[in-house]
1. How high is the relative contact order of region 22-92, in percent, with contacts defined as C-alpha pairs under 8 Å that are six or more residues apart?
2. Quick check on the chain: of the DSSP beta bridges with both residues there, what percent are antiparallel, nearest 5%?
3. Can you work out the Karplus-derived ³J(HN,Hα) for every residue in region 104-116? Use 6.51 cos²θ - 1.76 cosθ + 1.60 with θ = phi - 60°, whole Hz, and x for glycine or proline.
4. In whole angstrom, note down how far apart the Cα centers of region 15-66 and region 210-273 are.
5. Can you tell me how region 89-173 classifies by the Cα gyration tensor, rounded, prolate or oblate, using a/c under 1.5 as the rounded cut?
6. For region 267-423, how big is Rg over Rh, using alpha carbon atoms and the Kirkwood form of Rh?
7. Per the helix-only calculation at 222 nm, which mean residue ellipticity applies to the chain, given -39500 (n - 2.57) for every DSSP H run of n ≥ 4 and division by its residues, nearest 500 deg cm²/dmol?
8. Treating only the Cβ of Lys, Arg, Asp and Glu as charged (+1, +1, -1, -1), what charge dipole size does region 1-143 show about its Cα centre? Round to the nearest 20 debye.
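What follows draws every value from the coordinates through simple rules; no lab data is involved. From a predicted model like this one, the values you see are computed outputs, not experimental measurements. Ideal geometry is used to build each Cβ from the backbone, glycine not excepted, and the neighbour counts take in all protein chains shown.
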Amino acid sequence: MKSFVGWAASRPSHAGLKGEITPPADKSISHRSLILNSLAEGTAQISNFLPAEDCLSTLSCLQSLGVKIERNGGEVSITGAGKKGFEAPAKTLDAGNSGTTMRLMTGLLSACRFTSTITGDESLRSRPMGRVIEPLSLMGASISAQGNKAPLTITGEDLHGINYRLPVASAQVKSAILLAALSAKGKTVIEEPIASRDHTERMLRAMGANLKSEGLIITLTPSSANLRPLNLRVPGDISSAAFWMVAGAIHPDARIRISNVGTNPTRNGIIEVLQSMGAGIIIENHRAEGEEPVAELTIESSSLKGIEIGEDIIPRIIDEIPVIAVAASVARGKTTIRGASELRVKESDRISTTVAELSKLGARIEELPDGMVIHGVAKLIGSRCESHGDHRLAMSLAVAGLIARGETIISSAEAVNISYPGFWDDLEKITND
Ligand code: S3P
């Protein structure tokens, strides 16, 4: 197990958080930029691609299927195989830590007429895959897995469209079905319980797919034509920006400008939550980056209060809940988060790991089956804590460490490389600007 000193007592607690951060590229959009373009006919140029471990897992899985991809930092050139051009991989595909890679690739592989196996690291092998196996099997794919966990062995078949109501609001499951539906016979209709991120739908439409979204219902009518390649510039990731938004709001002397942040309405719940807690956030320069809205955000030190967070907003803040818990730990009064049992099947069980680790820092936080209750305290106390190999927990603890009294040591801190390899450098930058 590696150890990393994330933050140290040597920094005076009055040191301000000032300056500008450009967050890394959006992870969800980076995965999709590769997967969807791999199905297109022709070459696409992607800029500001996220070269973090999760997206590199997607990249190498696609290369193993014969897709031509050249990458230089965040600049990627990808030549699609077309729906029928993938080659059987010579070895087991490795999705690493990435649920998005595994679930979306399983959708794509369900329509490929060969057998392939996809696996992942220990965390990913413990996560539920029945949620993709069920609908893809209903479409005609043959998928075997022990206990509905990876490794998954997929034999692609001639698929048919389905009408399917998602049992959980999951963009990964929705996207896996849509990828399979592109090659199916007949239309596929998906109903979501609550809207989840819609990057796949936006990109598919821009690539020429016949896809309609009406409220919570998405209809894809497949065509024999291949998708058109889509050149794109990936916007900054609001889930990565969230760490600086919370840091700015809870630090006593902060003003942080965060540039090029994706503000897709299915992802921007963190802005709403922090504003309801009383945070001062200025949103400027709204614009479109391809299919996605983008803006600049400025966050200032704020006096936060506790709020009630219920299930309707959960899909829009699903990845930000650990850092929202940090904000709530030092807010006035009580914050309740409910309807978030999906957190239990993320990279770690984020309800129990967030509660355990923030408790070590002096937070008053209790676990609920589907969320947590947090009573704000005046000060967090620096301590030894661990990331549980979970990138978002590592970064949330670093934000807590920024305002804690004394030294915080986070072990397995290299987990940040999953989504934000420059996190520790940006933390240095913002504390020294
Ligand atoms: C993602 C969807 C979400 C999210 C994950 C990325 C995606 O997962 O938590 O980090 O890129 O589609 P679910 O679809 O399982 O909710």
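1. Over region 22-92, the number comes to 37 percent.
2. Here the share of antiparallel DSSP bridges comes out near 70 percent.
3. Once rounded to whole Hz, the list reads 5, 5, 5, x, 5, 5, 4, 9, 9, 7, 8, 9, 9.
4. 14 Å
5. oblate
6. Checking Rg against Rh, the ratio lands at 0.96.
7. So the helix-based figure for the chain works out to -9000 deg cm²/dmol.
8. The calculated dipole for region 1-143 is roughly 180 debye.
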